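Participant: Next up is a structure, given as structure tokens.
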Amino acid sequence: MEKIIIEGGNPLYGTVPISGAKNAALPLIAATLLAPGSFTLHNVPDLRDTRTMLKVLETLGCSWSRKDNTVTIDSTNITGAEAPYDLVKTMRASVLVLGPLIARQGFARVSLPGGCAIGARPINYHLKGFEQLGVKTTLSEGYVEARSPGKLVGNVVYFDNPSVTGTENLLMTAVLAQGTTVIKNAAREPEIGNLVDMLTIMGAQIEGKNTDRLTVQGVESLSPAEVTIIPDRIEAGTFLIAVAATGGKVTLTHCNPSHLPSLIEKLRLAGVQIESDASTITITCPVSRNVENGMVRSVDIRTMPYPGFPTDLQAQIMALMVFGDGVSIIHETIFENRFMHVAELQRMGAEIRIDGSTAIVNGGKKQELCGAKVMATDLRASASLVIAGLAAKGTSEISRIYHLERGYEDMVTKLKELGAHIKKVHE
């Protein structure tokens, strides 16, 4: 096991490149199952989750190779239809192989997904959508079995709530179905747009990119493609929040500011200076932490589907609001169990009270954090503890950092290069 040790209180300065988006890479890797041949994916982050997804493809008969951040996948010979529990239990996105396997060979058996323990996140939207396209699904011994008795047929699918993985899975199924499929109340995240681009290059016919209504005209077959993964907006947002918490000036490169409208607005309301162009963001924040000179203003947050404030940045912005000049109200509307980081922030001295799906964060001029031994409970919670440790006085030790490595590429190295006193050691 490894842990991160941080000596807090050091502002961040310099330039940091943003990696490819984990949440875009995973569905694009799964989409290579839709057609035989060799695919090339650029800007693929080297993470625990992307490595797990590639291992899932290996179990299905694919081969792959990596050179730097380019991954080549050969899906010519699919020899299996089962994604086993030992792999899927560590990562919810493994369920994304269901749609492509159903579309290509009419059968799939995938273990019920795991990942971060932040809520139920059921896959009922996926199964309901599959069934409306003619798929028969059953749950048995912890596995989802899906079988198409004949040719898939397009239909109208409506999501009660926008589901990112549900939208992605249905897209990858519908592209090879007969006729037209309309997905209503579809999720609109940029990662879905990246998938639409890939499927279009492969020969799919999809209208409505970046809207909540996707219309798919099924085609007989698809071809391999060469595509680039979009920048990781959650990694970019995490670094922006880290600078706001520690003070300093940092330029993020290889990013897309247009994917972070709600966060940038909230940071500006908090008094942070942000400038951006097409692919860079520069954030400037005074180092001094007092009401008279430099303390960030407290802002309220409500997580919402895109383009609202991302649930994947809720834990990080909460760590920042500990240093706010007053009270911040944070409403979590996406997941019912995403406040597990609160207890760890409290160990560092944060004043936070939970009331159902709402967190009340008390900032103020007397509020400051002290380093402590804390434990990461999930991926984004681990990022919030890193931010808190960077801004706190004294030394913090963060254990169970395998959560962090599921979604952040070389975060410790990147922070070191910005001047943070941080290191990873074996426990």
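The values are calculated or read from the model by the stated rules, or taken from the named source; none is laboratory data. Since the structure is predicted, the reported quantities are computational estimates derived from the model, not experimental observations. Glycine gets a Cβ as well: all are built from the backbone with ideal geometry, and neighbour counts include every protein chain shown.
Participant: Using the structure shown, decide if Leu199 is in contact with a strand residue (DSSP E or B) (Cβ under 7 Å, 6 or more places away or on another chain), within 26 Å of Phe335 (Cβ to Cβ) and crowded, with 22+ Cβ neighbours inside 10 Å.
Facilitator: Numbers: in contact with a strand residue (DSSP E or B) (Cβ under 7 Å, 6 or more places away or on another chain): yes; within 26 Å of Phe335 (Cβ to Cβ): no; crowded, with 22+ Cβ neighbours inside 10 Å: yes.
In short, no.
Participant: Can you tell me which residue is surrounded by the fewest Cβ atoms within 10 Å (Cβ to Cβ) among those in segment 241-275 that are under 17 Å from Arg302 (Cβ atoms) and either among the polar types (S, T, N, Q) or touching a Lys or Arg at 6+ places or on another chain (Cβ under 6 Å) (or both)?
Facilitator: Within segment 241-275, the match that is surrounded by the fewest Cβ atoms within 10 Å (Cβ to Cβ) is Ser262.
Participant: Within segment 59-79, count every residue that is within 21 Å of Leu222 (Cα to Cα) and not in a strand (DSSP E or B).
Facilitator: Of the residues in that region, 8 qualify.
Participant: Could you tell me whether Ala146 is part of a loop (DSSP other than H, G, I, E, B) and either modelled with pLDDT of 95 or more or of a type in the set (Gly, Ala, Ser) (or both)?
Facilitator: Against the criterion (part of a loop (DSSP other than H, G, I, E, B) and either modelled with pLDDT of 95 or more or of a type in the set (Gly, Ala, Ser) (or both)), Ala146 does not qualify.
Participant: Something else now. Please name all residue pairs, on different chains or six or more residues apart, with Cβ atoms under 6 Å, provided the first residue is in segment 69-83 and is more than 13 Å from Ile29 (Cβ to Cβ) and among the acidic types (Asp, Glu) and the second residue is modelled with pLDDT of 90 or more and in a loop (DSSP other than H, G, I, E, B).
Facilitator: Close Cβ pairs (under 6 Å, with a partner that is modelled with pLDDT of 90 or more and in a loop (DSSP other than H, G, I, E, B)) do not exist here.
Participant: Can you tell me which residue within segment 80-110, out of those that are of a type outside the set (A, V, I, L, M) and part of a helix (DSSP H, G or I), is modelled with the lowest pLDDT?
Facilitator: Looking at the filtered set, the residue picked out is Arg92.
Participant: A further question on this structure: Would you say Ala186 is touching a residue at least 60 places away in the same chain (Cβ under 8 Å), of a type in the set (A, V, I, L, M, F, W, C) and either in contact with a Phe, Trp or Tyr (Cβ under 8 Å, 6 or more places away or on another chain) or not assigned by TED's automatic domain parsing to the domain that holds Val412 (or both)? Before you say what the answer is, go through the steps one by one.
Facilitator: Values: touching a residue at least 60 places away in the same chain (Cβ under 8 Å): no; of a type in the set (A, V, I, L, M, F, W, C): yes; either in contact with a Phe, Trp or Tyr (Cβ under 8 Å, 6 or more places away or on another chain) or not assigned by TED's automatic domain parsing to the domain that holds Val412 (or both): yes.
Against the criterion (touching a residue at least 60 places away in the same chain (Cβ under 8 Å), of a type in the set (A, V, I, L, M, F, W, C) and either in contact with a Phe, Trp or Tyr (Cβ under 8 Å, 6 or more places away or on another chain) or not assigned by TED's automatic domain parsing to the domain that holds Val412 (or both)), Ala186 does not qualify.
Participant: Could you tell me whether any residue of segment 247-256 is among the aliphatic types (A, V, I, L, M), farther than 21 Å from Ala388 by Cβ and touching a residue at least 24 places away in the same chain (Cβ under 8 Å)? Give the derivation first.
Facilitator: From segment 247-256, those among the aliphatic types (A, V, I, L, M) are 250, 252; that's our starting set.
The next check asks that each one be farther than 21 Å from Ala388 by Cβ; those that pass are none.
Within segment 247-256, not a single residue is among the aliphatic types (A, V, I, L, M), farther than 21 Å from Ala388 by Cβ and touching a residue at least 24 places away in the same chain (Cβ under 8 Å).
Participant: Only one residue in Thr200, Thr238 is modelled with pLDDT of 95 or more and either assigned to a strand (DSSP E or B) or outside the structural domain of Ala391 (by TED's automatic domain parsing) (or both). Which one?
Facilitator: Unique residue meeting the criteria: Thr200.
Participant: Next question, about the same structure. Exactly one condition in (1) surrounded by fewer than 17 Cβ atoms within 10 Å (Cβ to Cβ); (2) assigned to a helix (DSSP H, G or I) is not met by Val287; state its number.
Facilitator: Status for Val287: all satisfied but (2).
Participant: Quick one: Arg48 ticks every box in (1) farther than 28 Å from Leu390 by Cβ; (2) in contact with a Lys or Arg (Cβ under 8 Å, 6 or more places away or on another chain); (3) not small (Gly, Ala, Ser) bar one, so which box is it?
Facilitator: (1)
Participant: Related question: Of all residues in segment 396-427, which are under 16 Å from Ala376 (Cβ atoms), within 18 Å of the chain's Cα centre (by Cα) and outside any helix (DSSP H, G or I)?
Facilitator: Ile401, Arg406, Gly407, Tyr408
Participant: Check Arg48, Arg147 and return the single one that is touching a helix residue (DSSP H, G or I) at 6+ places or on another chain (Cβ under 7 Å) and touching a residue at least 40 places away in the same chain (Cβ under 8 Å).
Facilitator: Sole residue among the options that is touching a helix residue (DSSP H, G or I) at 6+ places or on another chain (Cβ under 7 Å) and touching a residue at least 40 places away in the same chain (Cβ under 8 Å): Arg48.
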